């Protein structure tokens, strides 16, 4: 008995299962009250994202102009967008999490909402009105559903900078008259309070504010009112937060008997030592761990210049705690990038969302005083990526594979994403752009190289046991710094041995200074501390330095057995080095050496990537000459060359026990190659720019790619699913073909025609109609049963048959059958019935192609929607039908001529001969 082959099957199909694109570029941000949906500005569109799954739900179509402001109603039913074209666009927000491919169109558009750009907008607590403030100092209040203006407030001394509604309700008083106020702030540093209820009843005259509050010396950027309407807080760029008592706004009677309104009083001035961009009150029932709470407790939050959110006791004017980490070592320019530009308070989730100028969105848990989620709005150009694996500090052997991904972008910060969702962390430490990364064999520890001439080693952060229960505290921290290169580090490679024996681990760095350095990682901690200071991070010393190439070193890779090192350079060569490493033991220090044993020459441009085979002694190299070469490590000769990319090959990796390769290139494509046949199996296309970053998961079922277009793509192996689907389709087709033959044998033309239409096989229908027409039965088609079938066709079946007739009619050999079927349809189907069939077919196509935004939504039938398709069909049928008609007319005329000629021949020849014979 022959042994069964265990050779793995080729992976031929990969699907784009997920994509992480730009989430937030600049401008306003909104989050639904339940914390599941985020609304962010991306170029000229508003993007709606499911924060649980990280999937883009829909986009709200813009008007090609920059978004200046938008507001989400508290009910999450409407979103109102203002753009630099001065327009106001109202959209209905879809419910549920079903992805909608087509952009959501506005339900109402006001072409010119203001005469100047609108910078701030706010929806009232009842989701009925929206207030918008413009640069010319005008505030308008709109009815969202009906779209008309209810109030116009003028007199602001410049740009309107903040808005807030005051709508207090006392649940204990059923008969209390509801009163709504609008509070505005502008660059003249004044705060104005308008009574919306009173001004709504005025017939003429510009409404005046009930009160004008003066206390700030710079522009107020944030306003908020407590639920009971008794307290107002304002914060501005004068580094001061003011708390106002609104309960003093009562009517006083003067000595002359006239009524006079008393204004709010300033209750507390809180210096913040930073410019405040957002401020708000916490609910009185908010649970703050470790803080006392009483009915008179008044707490507020601020966010601003220093990039953190502070929780204050408003009565005492003291900071209770701080959410986020204030980095005092950053420069003034970096501080400006990391400042908070807006805060969103989600009471039901006990969360404060801070929006930062560097396009990051942070979710802070108030109850846990920790970071629960971080969204990275824009990744810029992605240059490298690796898979990471999380592990428990209590058990270093328990490691979940490929749970996170690290990305190096055009930034000094390393982005680490969770594999599920959009939760991410930023790792700071490098002072210049990070160029390259590599991970250990188990994925727990990874290294990065930067333009700052240093390489850093990162390990999982050890969090206290109390925070581990929340499953929200995770991250990586720097545990070692490698310095010594004279130029930028463009390549790093870690040993491939499992890190269970950390004493035998090492790494290499390659630089623009054309040298390779070897580093011992035996003393590097397995976990990072949460509060490690930069000065406490160990500084490693290189074991050896080798002058390896004549130009910049682009790539390094260590063989699976840790005995060989490969390097690729701009000098168009790849070199192989033998690694001699001896770990430290006792008083004996670690020792490492590199000895060159071979050189691979053959590329016509620089080598961008080198990768050892995982199962065989081969090396793959990707080059700027658009090729991938496979080298034999025994004699360093090129054994195979793969051509197919139209630009530089930037990344190479092996799949499927070395039977396949996956490559990425500057043409924006990923290709899967069959190594044995030297052919491309499939091409993956989703990027629009150079694909610098690519990584393969440990189980080789997932490939992630990152490109210069700021898009991260996830490619899942679906070879088995596609094969099973094709097999099911083949089996189904075989069964249907057998049923079709059985129907023909039984003269069951009804089911035979319906089955042929369902299988979309016009050839079988053509043969069926041709055979029927050869019968002598006097019917439209030649068979009474077939006539009944055609008479009963409707919807997509009738339209499909007419399209087959159109195709048959274009060929002279099949035109006779086409004309016969068309004659039967015209005779047995009325024109309105044919039109209705096209309408029904159009409705069915819409139902199959669109994705409904919510359950219960009905797709409305559009009368006459099939007219265009019917018109196109008739326009295709008429020219060929006229040609066939003229051909038949010519044949008939020719037949008359033939009859005449034959008649003349008979009368002229035979009659004359008969007369002669009679005379004789």
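Observations on the structure shown:
- Test result for residue 798, assigned to a helix (DSSP H, G or I) and at pLDDT below 75: no
- Comparison of 653, 685, 689, 635 shows that the only residue that is closer than 28 Å to residue 402 by Cβ, surrounded by fewer than 18 Cβ atoms within 10 Å (Cβ to Cβ) and in contact with a strand residue (DSSP E or B) (Cβ under 9 Å, 6 or more places away or on another chain) is 685.
- Among residues of region 661-681 that are on the phi > 0 side of the Ramachandran plot, those with a Cβ under 8 angstrom from a residue that is surrounded by 20 or more Cβ atoms within 10 Å (Cβ to Cβ) and assigned to a strand (DSSP E or B), sequence gap 6+ or separate chain, pair up as 678/642.
Residues checked against (1) in contact with a strand residue (DSSP E or B) (Cβ under 8 Å, 6 or more places away or on another chain); (2) part of a strand (DSSP E or B); (3) farther than 21 Å from residue 492 by Cα; (4) modelled with pLDDT under 95:
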residue	(1), (2), (3), (4)
373	yes, yes, yes, yes
399	yes, yes, yes, yes
411	yes, no, no, yes
420	no, no, yes, yes
444	yes, no, no, yes
452	no, no, no, yes
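- Scanning region 464-480 for residues that are assigned to a loop (DSSP other than H, G, I, E, B), within 31 Å of the chain's Cα centre (by Cα) and either buried (at least 20 other Cβ atoms within 10 Å of the Cβ) or modelled with pLDDT under 85 (or both) yields a count of 6.
- Some residue of region 379-388 being at pLDDT below 95, in a strand (DSSP E or B) and surrounded by fewer than 18 Cβ atoms within 10 Å (Cβ to Cβ): no
- Checklist (1) surrounded by 14 or more Cβ atoms within 10 Å (Cβ to Cβ); (2) closer than 26 Å to residue 385 by Cβ applied to residue 744, failing item: (2)
- Given (1) under 27 Å from residue 476 (Cβ atoms); (2) surrounded by 21 or more Cβ atoms within 10 Å (Cβ to Cβ); (3) modelled with pLDDT under 95, number of the condition residue 611 does not satisfy: (3)
- Test result for residue 46, surrounded by 15 or more Cβ atoms within 10 Å (Cβ to Cβ), closer than 23 Å to residue 354 by Cβ and within 20 Å of the chain's Cα centre (by Cα): yes
- Residues of region 79-93 classified as surrounded by fewer than 20 Cβ atoms within 10 Å (Cβ to Cβ) and within 25 Å of residue 344 (Cβ to Cβ), total: 4
- Annotation for region 768-779: at least one member residue is exposed (fewer than 14 other Cβ atoms within 10 Å of the Cβ), free of Cβ contacts under 8 Å to residues at least 24 places away in the same chain and under 29 Å from residue 870 (Cα atoms).
The values are calculated or read from the model by the stated rules, or taken from the named source; none is laboratory data. Computed from a prediction, not measured in an experiment: that's the story for all the values here. As a convention, Cβ positions derive from the backbone with ideal geometry for all residues, glycine included, and neighbour counts pool all protein chains shown.
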